[in-house]
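Peer 1: Dumping the structure here so I can ask a few things about it.
The values are calculated or read from the model by the stated rules, or taken from the named source; none is laboratory data. These figures come from a predicted structure and were not determined experimentally. So basically every Cβ, Gly included, is an ideal-geometry build from the backbone, and we count neighbours across all protein chains shown.
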Amino acid sequence: KAGVTQTPRYLIKTRGQQVTLSCSPISGHRSVSWYQQTPGQGLQFLFEYFSETQRNKGNFPGRFSGRQFSNSRSEMNVSTLELGDSALYLCASSDEGGANYGYTFGSGTRLTVV
Amino acid sequence: AQSVTQPDIHITVSEGASLELRCNYSYGATPYLFWYVQSPGQGLQLLLKYFSGDTLVQGIKGFEAEFKRSQSSFNLRKPSVHWSDAAEYFCAVPSGGYQKVTFGTGTKLQVIP
């Protein structure tokens, strides 16, 4: 079966702009989590959605938001981009057991803010 | 909160040599523990997971890990490393409920011929 699909793979944006990243989970998985990965901070949890509801949120400013659709696809949005938002954004899907049973990750979206 | 520590930032081994990557966890009860691998420019792939029961866990790609409660450790091992194993390895533990995972800082593995 198809894996986790993230689009686009690469993005270059200017400070102050906004960006939307997309994630399609493995078929049948209803939980989608988002992580930010940077060399300085490592992997940091952004948020998790299950059946269109946000169940958990990390310590990120309100500029970071997300949503999940009825087909489990998820999007995350970052508004008013800052240079520090440059990172690899990873989407992970899991079944109803959630993160306890392990994630399947997408290849990520590499966001560069200039 | 649950956390994991990976004391080695970078490890270099020769191809064919054995490998052990260290992970220490901080949690009172028996934790769920994971090892993930990330190749350059890619997402993470789950290597293996520990829930309970047998303390020696077998994973994919010939990796195994041993849970040692007395040492609060969950070290990853492989008897003979291949050049394709060069990657970054992350130990992880669920935290803040079951919807969130805390990752270690990662150990970058270099394999030399």
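Peer 1: From the list A:Arg67, A:Arg63, which one is farther than 17 Å from A:Asn100 by Cα, at pLDDT 95 or above and under 11 Å from the mean Cα position of the chain (by Cα)?
Peer 2: Exactly one residue qualifies, and that residue is A:Arg67.
Peer 1: Count, please, the residues in the stretch A:70-79 that happen to be within 10 Å of the chain's Cα centre (by Cα) and surrounded by 17 or more Cβ atoms within 10 Å (Cβ to Cβ).
Peer 2: Taking the stretch A:70-79 first, the residues within 10 Å of the chain's Cα centre (by Cα) are A:74-77.
With the extra rule that they be surrounded by 17 or more Cβ atoms within 10 Å (Cβ to Cβ), the set shrinks to A:74-76.
Selection size over the stretch A:70-79: 3.
Peer 1: Can B:Tyr50 be described as in contact (Cβ under 8 Å) with a residue 40 or more places away in the chain and surrounded by 12 or more Cβ atoms within 10 Å (Cβ to Cβ)? Give the derivation first.
Peer 2: Numbers: in contact (Cβ under 8 Å) with a residue 40 or more places away in the chain: no; surrounded by 12 or more Cβ atoms within 10 Å (Cβ to Cβ): yes.
Spelling it out, it is not the case that B:Tyr50 is in contact (Cβ under 8 Å) with a residue 40 or more places away in the chain and surrounded by 12 or more Cβ atoms within 10 Å (Cβ to Cβ).
Peer 1: Which number in (1) within 15 Å of A:Ala92 (Cβ to Cβ); (2) outside any strand (DSSP E or B); (3) of a type in the set (S, T, N, Q) marks the one condition that A:Gln17 misses?
Peer 2: (1)
Peer 1: Could you pull out the residue among B:Ala92, B:Ala1 that is out of contact with any strand residue (DSSP E or B) (no Cβ under 6 Å at 6 or more places or on another chain) and either acidic (Asp, Glu) or in contact (Cβ under 8 Å) with a residue 24 or more places away in the chain (or both)?
Peer 2: Testing whether each residue is out of contact with any strand residue (DSSP E or B) (no Cβ under 6 Å at 6 or more places or on another chain) and either acidic (Asp, Glu) or in contact (Cβ under 8 Å) with a residue 24 or more places away in the chain (or both) leaves just B:Ala1.
Peer 1: Right, something else. Looking at the stretch B:1-25 only, could you name the residues that are assigned to a strand (DSSP E or B) and either within 15 Å of the chain's Cα centre (by Cα) or among the β-branched types (Val, Ile, Thr) (or both)?
Peer 2: Scanning the stretch B:1-25 gives B:Ser3, B:Val4, B:Thr5, B:His10, B:Ile11, B:Thr12, B:Val13, B:Leu19, B:Glu20, B:Leu21, B:Asn24, B:Tyr25.
Peer 1: I'd like to check which strands (runs of 3 or more DSSP E) are fully inside the stretch A:57-111 and have at least 3 residues that are closer than 20 Å to A:Ser27 by Cα, touching a residue at least 24 places away in the same chain (Cβ under 8 Å) and more than 13 Å from chain B (Cβ to nearest Cβ). Spell out how you get there, then give the answer.
Peer 2: On the way: elements: A:64-68, A:74-78, A:87-94.
Hits in the stretch A:57-111: A:74-78.
Peer 1: Is the stretch B:75-86 home to any residue that is under 12 Å from B:Phe34 (Cα atoms) and loosely packed, with under 15 Cβ neighbours inside 10 Å?
Peer 2: No, that holds for no residue.
Peer 1: Same structure, new question: Within the stretch A:27-35, is there a residue that is aliphatic (A, V, I, L, M), surrounded by 18 or more Cβ atoms within 10 Å (Cβ to Cβ), outside any strand (DSSP E or B) and within 11 Å of chain B (Cβ to nearest Cβ)? Show your work before the answer.
Peer 2: First, pick out the residues of the stretch A:27-35 that are aliphatic (A, V, I, L, M): A:32.
From what is left, the residues that are surrounded by 18 or more Cβ atoms within 10 Å (Cβ to Cβ) are A:32.
Remaining after also requiring outside any strand (DSSP E or B): none.
Checking the stretch A:27-35: not a single residue is aliphatic (A, V, I, L, M), surrounded by 18 or more Cβ atoms within 10 Å (Cβ to Cβ), outside any strand (DSSP E or B) and within 11 Å of chain B (Cβ to nearest Cβ).
Peer 1: Give the stretch B:24-73 a look and list any residue that's within 11 Å of chain A (Cβ to nearest Cβ), at pLDDT 95 or above and over 18 Å from B:Gly104 (Cα atoms), or say none.
Peer 2: B:Gly59
Peer 1: Let me ask something else. Determine which member of the set A:Glu82, A:Glu48 is closer than 27 Å to B:Gln38 by Cα and surrounded by fewer than 16 Cβ atoms within 10 Å (Cβ to Cβ).
Peer 2: A:Glu82
Peer 1: Here's a check for you: in the stretch B:96-108, which residue that is surrounded by fewer than 21 Cβ atoms within 10 Å (Cβ to Cβ) and touching a helix residue (DSSP H, G or I) at 6+ places or on another chain (Cβ under 9 Å) is nearest to the other protein chains (Cβ to nearest Cβ)?
Peer 2: By that ranking, first place goes to B:Tyr98.
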